[in-house]
């Protein structure tokens, strides 16, 4: 883990941090000196993330949290402040109900899972962190949307609705919170996942099918292509950027569908 110290002294909360994008974000922040509070529903996986960061010289606190529960979100924030004294960076990454569901089979339970684990959880984390960021006149909030909110993927109405709400929440908060030194931005990441790697490895045709969707000619990596953008948005260098969407996707959002 390379340490440049860009985020020395900062404290960050990352939700949905046990694997994939959230894990990469936690690692990237810790590598630049931030004290990271990683939270997720699966505690055992979080412990592995914590231990990996610690072994690389970073600092990480692992906290189990069901982001659908307001009291658990507030407890994460309270424990963060109790241990580290402040909250500077919030990365809202958690999201449930991501599997496709045919429209005729879409139930209230699936919709509620999608909304309460995504935009409602993001809002609650933001509300809980806001007083601390406001008091210090400094804060960085990075929410996570998806290009699925723009269509193009079948049977993801519930997920698209949730991610669209997260984007709108970002723009609204940026309007009201920027005067307090708090920037609020939203990312649209499209980087390689383990299932995607496995599918691409089956045949050259599979790899070509996936990579052809990315104008840069390859699928990005969470550590090398996503992590540095997160660090930038979490740092002083991004102080003039708020209310912006960042498509971290090798140009895929603008490619023909």
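The values are calculated or read from the model by the stated rules, or taken from the named source; none is laboratory data. Quick caveat, the model's predicted, so the values are computed rather than measured. Methodologically, a virtual Cβ is constructed for each residue, glycine included, from the backbone with ideal geometry; neighbour enumeration extends over all protein chains shown.
Among (1) touching a strand residue (DSSP E or B) at 6+ places or on another chain (Cβ under 8 Å); (2) farther than 19 Å from residue 34 by Cα; (3) outside any helix (DSSP H, G or I), where does residue 60 come up short?
Of the numbered conditions (1) touching a strand residue (DSSP E or B) at 6+ places or on another chain (Cβ under 8 Å); (2) farther than 19 Å from residue 34 by Cα; (3) outside any helix (DSSP H, G or I), the odd one out for residue 60 is (2).
Within region 10-50, take every residue that is assigned to a loop (DSSP other than H, G, I, E, B) and without any contact (Cβ under 8 Å) to a residue 60 or more places away in the chain and give me the one that is surrounded by the most Cβ atoms within 10 Å (Cβ to Cβ). Give the derivation first.
From region 10-50, those assigned to a loop (DSSP other than H, G, I, E, B) are 10, 16-19, 32-34, 41-42; that's our starting set.
When the remaining residues are screened for being without any contact (Cβ under 8 Å) to a residue 60 or more places away in the chain, the result is 18-19, 33, 41-42.
Values: 18: 24, 19: 17, 33: 18, 41: 18, 42: 11.
Taking the candidates together, the pick is 18.
Of the residues 190, 201, 160, 145, only one is under 21 Å from the mean Cα position of the chain (by Cα) and farther than 18 Å from residue 22 by Cα; which? Don't jump to the end; show me each part of the working.
Details: 190 fails: farther than 18 Å from residue 22 by Cα; 201 fails: under 21 Å from the mean Cα position of the chain (by Cα); 145 fails: farther than 18 Å from residue 22 by Cα.
Being under 21 Å from the mean Cα position of the chain (by Cα) and farther than 18 Å from residue 22 by Cα holds for just one of 190, 201, 160, 145, which is 160.
Listed here are the residues, each with its yes/no results for (1) in contact (Cβ under 8 Å) with a residue 24 or more places away in the chain; (2) farther than 25 Å from residue 84 by Cβ; (3) out of contact with any helix residue (DSSP H, G or I) (no Cβ under 7 Å at 6 or more places or on another chain).
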| position | (1), (2), (3) |
| --- | --- |
| 126 | yes, no, no |
| 139 | yes, no, no |
| 157 | yes, yes, no |
| 185 | yes, no, no |
| 198 | no, yes, yes |
| 205 | no, yes, yes |
| 208 | no, yes, yes |
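Considering only region 203-214, I want to know if a residue exists there that is under 30 Å from residue 88 (Cβ atoms) and modelled with pLDDT of 90 or more.
The initial filter retains those residues of region 203-214 that are under 30 Å from residue 88 (Cβ atoms), namely none.
No, the conditions are met nowhere in region 203-214.
In this structure, is residue 101 surrounded by fewer than 17 Cβ atoms within 10 Å (Cβ to Cβ) and more than 19 Å from residue 133 (Cβ to Cβ)?
For residue 101, the condition - surrounded by fewer than 17 Cβ atoms within 10 Å (Cβ to Cβ) and more than 19 Å from residue 133 (Cβ to Cβ) - is not met.
Evaluate the following for residue 243: is it under 23 Å from residue 143 (Cβ atoms), touching a strand residue (DSSP E or B) at 6+ places or on another chain (Cβ under 7 Å), surrounded by fewer than 16 Cβ atoms within 10 Å (Cβ to Cβ) and at pLDDT 95 or above? Please lay out each step first, then the result.
On the way: under 23 Å from residue 143 (Cβ atoms): yes; touching a strand residue (DSSP E or B) at 6+ places or on another chain (Cβ under 7 Å): yes; surrounded by fewer than 16 Cβ atoms within 10 Å (Cβ to Cβ): no; at pLDDT 95 or above: yes.
Here the answer is no, as residue 243 does not meet what is asked.
Within region 104-114, track down each residue that is in contact (Cβ under 8 Å) with a residue 40 or more places away in the chain and surrounded by fewer than 20 Cβ atoms within 10 Å (Cβ to Cβ).
Here is the first cut: in region 104-114, the ones in contact (Cβ under 8 Å) with a residue 40 or more places away in the chain are 106, 110-111, 113-114.
If the condition is that a residue be in contact (Cβ under 8 Å) with a residue 40 or more places away in the chain and surrounded by fewer than 20 Cβ atoms within 10 Å (Cβ to Cβ), then 106, 110, 111, 113 are the ones that fit.
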